[in-house]
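Read through the structure below, which is laid out as structure tokens, and then see the notes.
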Amino acid sequence: MIVAALMFAAQAVTAATVATCRVPNDPQSRTWSLERAAPDAWRVVFSSKSLDKPRVELPLGNASPIVDQSKITLAFASANGGRAIDWTITNGASSLDLRVNHGLEVNVERDLDPAVDLMNTDGPIEVSCSMNVQRLVDGRSTYDRASEWTVAAGAARSVNLYQSTSGRAYGVATLGWAKDLTRDLSWGPIRGRFAWGVEATPVFAQFEPSDIYGVGFAPVIWRWNFPPQPRWSAFAELSMGGLWTSEPIPEDTGHGNFTAHWGGGIRFKPRGGHAIVIAYRFQHFSNGNQQGSNPGVNSHVVLAGWSHRS
């Protein structure tokens, strides 16, 4: 439901977090993030226990950070001297010197939040940062809409729920493709990209309580890709499709069933677009009341596989 709501959020805001920095052991849990709000627009986003809101944003006008594989350097000052920043970012120990005066800058930017004054570091400070700049370094914009191939295999066991009974066990192999349809979106604290995909199930093999084989295809995969972290990324998804089997499943229905699942997963250790994927699904299939009754199977499914985003 979250994915569907996000898909229709008409006022979603685009942004891509390039780096996040924190003060170690800080009682106020202060965090400064560098975001790319548009191809040529950057901003600092600040959060802290001292704020009465989740975040405060400070636009950086015509700032032009220098970005490479291991470091980001940002030096910026407004014309009237009301905001200035000297920021050197690496993965780990980094430095930040940020000065902003709302009283001066509000004359230039009328909507500037007064809480920006809390961003001040009062001189250079040491921070610990994590970067997410690989796609910028590769020469591709953070706004490129990536595509993803996924190959996975897994095992499932049915549960007692509604008209489904336990005691069934089966294995599956899947091949999927998805494409980001949006740039980075933000809806309150939830951020990410919406993707549409398709998925084939060339192998469906029930081995308990009897041997039954089949194939499946899902033309609708709605996937929400959360913002990637340096060593992992997460997604949530919904699916609709069909399954065709050598014998009816359950026994008092037909050879064809509608399928649906909801679930999510994590991509681990991404390198050059490749990643190991671990996923969970709650899988449902039934005849959709096409035969006067609607017996079905509900199962927990765990999958492991490989993903490539490009």
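Numerical summary
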{"quantity": "Cα-centred dipole magnitude for the chain, charges only on beta-carbon of K, R (+1) and D, E (-1), debye, nearest 20", "calculated": "300 debye"}
{"quantity": "Packing-based exposure ordering (other Cβ within 10 Å, fewest first) of Ile212, Ile190", "calculated": "Ile190, Ile212"}
{"quantity": "Surrounding net charge for Trp177, when Lys and Arg each add one and Asp and Glu each subtract one, Cβ distance under 10 Å", "calculated": "-1"}
{"quantity": "Prolate/oblate/rounded call for segment 7-137, Cα gyration tensor, a/c under 1.5 rounded", "calculated": "rounded"}
{"quantity": "Fully extended contour minus Cα-Cα distance, from Val159 to Asn289, at 0.36 nm per residue", "calculated": "44.8 nm"}
{"quantity": "Radius 13 Å from Cβ of Thr88, net charge of other residues (Lys, Arg +1; Asp, Glu -1)", "calculated": "-3"}
{"quantity": "Cα gyration tensor category, rounded, prolate or oblate, for the chain with a/c compared to 1.5", "calculated": "prolate"}
{"quantity": "Potential extension, Ile278-Lys53 segment - 0.36 nm per residue separation minus Cα distance", "calculated": "77.6 nm"}
{"quantity": "Cα-projected label distance for Ala77 with Asp97, points at 7 Å along beta-carbon direction, nm", "calculated": "1.0 nm"}
{"quantity": "Sorted peptide list for 233-244, 55-66, criterion being average Cβ within 10 angstrom, highest first", "calculated": "233-244, 55-66"}
{"quantity": "Centroid-to-centroid separation of segment 243-264 and segment 166-237 [C-alpha atoms, Å]", "calculated": "17 Å"}
{"quantity": "Label-point gap, in nm, between Trp232 and Trp244 - each point 7 angstrom along Cα→Cβ", "calculated": "3.9 nm"}
{"quantity": "FRET efficiency estimate (nearest 0.05) - Cβ-Cβ, Leu181 to Glu126, R0 41 angstrom", "calculated": "0.50"}
{"quantity": "Label point 7 Å beyond Cα of His300 along Cβ direction - residues of segment 155-169 with amide nitrogen under 12 Å", "calculated": "156-160"}
{"quantity": "Peptide ranges 75-84, 193-202 listed from the most packed, as the mean C-beta count within 10 angstrom indicates", "calculated": "193-202, 75-84"}
{"quantity": "Distance (nanometres) between label positions extended 7 Å along Cα→Cβ at Ser64 and Asn25", "calculated": "4.1 nm"}
{"quantity": "Proxy reagent accessibility, fewest Cβ within 10 Å first, across Val297, Val159", "calculated": "Val159, Val297"}
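Every read-out reported here was derived from the displayed coordinates using simple, explicitly stated rules and does not represent laboratory data. Being a predicted model, the structure only gives us computed values, none of them experimental. Note that we place each Cβ from the backbone using ideal geometry, even for glycine, and neighbour counts take in every protein chain shown.
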